[in-house]
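Notes for the one structure printed next.
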Amino acid sequence: MVHTAFKNEARLLDLVRGHSLDGLIVHPDPQDPILTLLQELLIPAVAIADLTEGLPCVKVDDTGGGTLLAQHLASRGHHHVLIKQAPNPAQSAVERVAAFASTCERLGVRVTWGVEIWNGPEILDVDDLRLLTEGPDRATALMGWSDAVAEFSCRHLVSVGLRIPGDVAVVGFDGFHHPYAPQFDLTTIQAPWTEVGRATVRNLTTLISGESVPRLTTLPVTFYHGNTT
């Protein structure tokens, strides 16, 4: 069974308490009560995508991906970048954005932080647009913590008359298959999510058989140069 935070949690708790599961793949909130139950009842479980205390985890190289994006923007001559982070970021989002920011600072690229908003078709606020359009030290690039944030930032910027990447370069992160039709060929980090899923299942079946697995399995990511930078 696969569990994501806030999805049918009551039913899952009943299954766990009743020992009705052989094993579980989880992507939970850190405060999810399922985590305590799993440890108490010794049910084999593997976390996916985000480090979760007490569980083996399969994830992608968020730190390496964030570093590659920062190096790319610096090599393109950008000196000021706006970061759009999630309001309540998962550990993976924290890691990728922190690596991006630290690499920017090491390379002499100024970073300004912002938080994603969703207001209909608008994902950037007034301060973001001002930062990207006004002054000699304006931000000339935007890093979205996910491809969705990057995609909809591009749409918003184009809607107010800006050119991508002529006026603002945009990068994302993930390589997910999203439930929308992309309008931009994003420069992004592509993560091998299919292989992450396979590795997670392999580790879980190994645990169920009574053998041990690594505490952390990290799969490499790939830099993809689209037409938004």
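We did not get these values from a lab; they are worked out from the coordinates using the rules stated. None of these values were measured; they are calculated from a predicted model. Cβ sites come from the backbone with ideal geometry, for glycine too, and all protein chains shown count toward neighbours.
Exposed loop sites here are chymotrypsin sites (Phe, Trp or Tyr not before Pro) in DSSP loop states with at most 16 other C-beta atoms within 10 Å. What is the longest stretch of the chain lacking them? Show your work: numbers first, answer last.
Numbers: sites that count: Phe6, Trp118, Phe176, Tyr180.
Answer - 7-117.
Kindly provide the trypsin sites (Lys or Arg not before Pro) of region 196-229 that DSSP labels as loop, not H, G, I, E or B, and whose Cβ sees at most 15 other Cβ atoms within 10 Å.
Details: sites: Arg198, Arg202, Arg215; in loops: Arg215.
Loop-located and lightly packed - Arg215.
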Rg/Rh (Cα only; Kirkwood hydrodynamic radius) as it applies to the chain: 1.04
DSSP-defined antiparallel bridges as percent of all bridges, region 62-190, nearest 5: 5
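Please return the longest range in the chain lying between exposed loop sites, taking GluC sites (Glu not before Pro), DSSP loop only, at most 11 other beta-carbon atoms within 10 Å, and leaving the sites out.
Details: sites that count: Glu53, Glu134, Glu211.
Result for the longest clean stretch: 54-133.
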Selection from Phe223, Val171, Thr200, by position along the positive dipole direction of region 160-229 (Cβ): Thr200
Counting DSSP beta bridges with both ends in the chain, the antiparallel % (nearest 5): 15
Whole-number Å³ per residue for the convex hull built on Cα positions in region 119-216: 140
Relative contact order (%) - criterion: Cα under 8 Å, at least six apart; region: the chain: 21
Cβ charges +1 (Lys, Arg) and -1 (Asp, Glu), total dipole of the chain, debye: 380
Centre separation in Å (Cα based) which lies between region 56-91 and region 119-194: 13
